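Here the structure comes first, spelled out in structure tokens, and everything after it is commentary.
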Amino acid sequence: MASKGPETQPPVDEVAAVALDRVTKTYAAERLELRALAGATLRISDGEFVAVMGPSGSGKSTLLNLIAGLDVPTSGTIHVRGQCTSSMSDDAATAFRRQFIGFIYQRFNFLPDLTVEENVGLPLLLNGHRGVEVERRVTDVLDQLELGTRRDHLPSEVSGGELQRAAIARALVATPAVLLADEPTGNLDSAAGERVLLDMRRTVDEMGRTVILVTHDPKAAAYADRIERLLDGRFEAG
Ligand SMILES: Nc1ncnc2c1ncn2[C@@H]1O[C@H](COP(=O)(O)OP(=O)(O)OP(=O)(O)O)[C@@H](O)[C@H]1O
Ligand SMILES: [Mg+2]
């Protein structure tokens with residue numbers, strides 16, 4: 001928050017990885033106002049794996065965008081690792097996202113003129129990594145997701161499942177503290193989906209990372225520590 005300054009970090013045990021307080025998000029559309037979130041409150045601890053479920057249009061993608069600081073809430077506050085992402089400037093939010101957040105977008109958001117390898121390496125370059133290190137980390141993550149042979153393809157030249165895995169590779173390459181995953185297994189067959197979910201589980205169990213997984217699939221949600229359900233822009237109690 002502005003009064004504290006960005007360097008002032010509360011002690012780790014007081015910091016929820018992600019904290020939302022009475023968050024609303026209203027989109028103005030033509031004449032009507034559309035309430036995507038309507039007072040969502042949520043606490044997620046460091047090292048927790050939480051699945052968010054809810055019907056189409058219940059506000060799941062909106063929620064992830066707000067947590068990542070890609071958009072600002074209409075009211076309410078959002079803190080991620082002790083920093084208030086809901087009131088950051090665009091530049092501060094971008095820097096914050098590069099440092100702490102991995103995002104598997106529902107619509108992928110690849111740069112169409114860059115190859116799979118270049119797209120996946122971009123978060124590292126933006127974080128100031130160079131040369132051999134980028135090469136090594138990108139190769140590792142592409143191999144892990146069985147994309148080694150597709151590294152020189154453009155996004156338009158790979159299958160839907162391969163693109164999905166490339167999106168996962170890009171989100172994991174910089175080993176972010178908080179991973180936001182919007183339907184990451186939606187385009188994968190069940191074996192590939194299971195591998196991705198196991199990888200996410202492992203980043204939580206072995207590396208203490210925090211994962212928020214949006215999914216429609218109860219089998220995917222079962223990999224999480226708990227399930228939060230969004231209905232009409234709010235989390236259902238218990
Ligand atoms: N930029 C926008 N402008 C206007 N309305 C929007 C915008 N983004 C989302 N909405 C609306 O807000 C509501 C919540 O959208 P959101 O994308 O968060 O839903 P979702 O839970 O992710 O759905 P799905 O499961 O289909 O991905 C929807 O009714 C949607 O049409
Ligand atoms: Mg969505």
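The values are calculated or read from the model by the stated rules, or taken from the named source; none is laboratory data. These numbers were taken from a predicted model, which means no experiment stands behind them. Reconstructed Cβ throughout: ideal geometry from the backbone, glycine too, with neighbour counts over all protein chains shown.
Say whether the condition of being of a type in the set (Lys, Arg), over 29 Å from Gly208 (Cα atoms) and within 14 Å of ligand 2 (Cβ to nearest atom) is met by at least one residue in region 24-32.
yes
Run down Ala17, Ala28 and say which single residue is surrounded by fewer than 19 Cβ atoms within 10 Å (Cβ to Cβ), under 19 Å from Ser86 (Cβ atoms), hydrophobic (A, V, I, L, M, F, W, C) and at pLDDT below 95.
Ala28
Checking Val214 against (1) farther than 22 Å from Thr149 by Cβ; (2) β-branched (Val, Ile, Thr); (3) away from ligand 1 (no atom under 16 Å from the Cβ); (4) in contact (Cβ under 8 Å) with a residue 60 or more places away in the chain, only one condition comes out false. Which one?
All conditions pass for Val214, except number (3).
Scan region 138-148 and give yes if some residue there is surrounded by fewer than 17 Cβ atoms within 10 Å (Cβ to Cβ) and within 16 Å of ligand 2 (Cβ to nearest atom), otherwise no.
Checked region 138-148: no residue is surrounded by fewer than 17 Cβ atoms within 10 Å (Cβ to Cβ) and within 16 Å of ligand 2 (Cβ to nearest atom).
Considering only region 39-60, how many residues are crowded, with 17+ Cβ neighbours inside 10 Å and small (Gly, Ala, Ser)?
Looking only at that region, the number is 5.
Criterion first (at pLDDT below 95, of a type outside the set (Ser, Thr, Tyr) and out of contact with any His (no Cβ under 8 Å at 6 or more places or on another chain)) does Leu37 satisfy it?
Spelling it out, it is not the case that Leu37 is at pLDDT below 95, of a type outside the set (Ser, Thr, Tyr) and out of contact with any His (no Cβ under 8 Å at 6 or more places or on another chain).
Within region 176-185, track down each residue that is outside any strand (DSSP E or B) and in contact (Cβ under 8 Å) with a residue 60 or more places away in the chain.
Pro176, Ala177, Glu183, Pro184
To keep it simple, each residue is scored yes or no on (1) away from ligand 1 (no atom under 13 Å from the Cβ); (2) out of contact with any Gly (no Cβ under 6 Å at 6 or more places or on another chain); (3) of a type in the set (Val, Ile, Thr).
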site: Ala16; (1), (2), (3): yes, yes, no
site: Ala28; (1), (2), (3): no, yes, no
site: Gly39; (1), (2), (3): yes, yes, no
site: Leu42; (1), (2), (3): yes, yes, no
site: Phe49; (1), (2), (3): yes, yes, no
site: Ser56; (1), (2), (3): no, yes, no
site: Ser61; (1), (2), (3): no, yes, no
site: Val72; (1), (2), (3): no, yes, yes
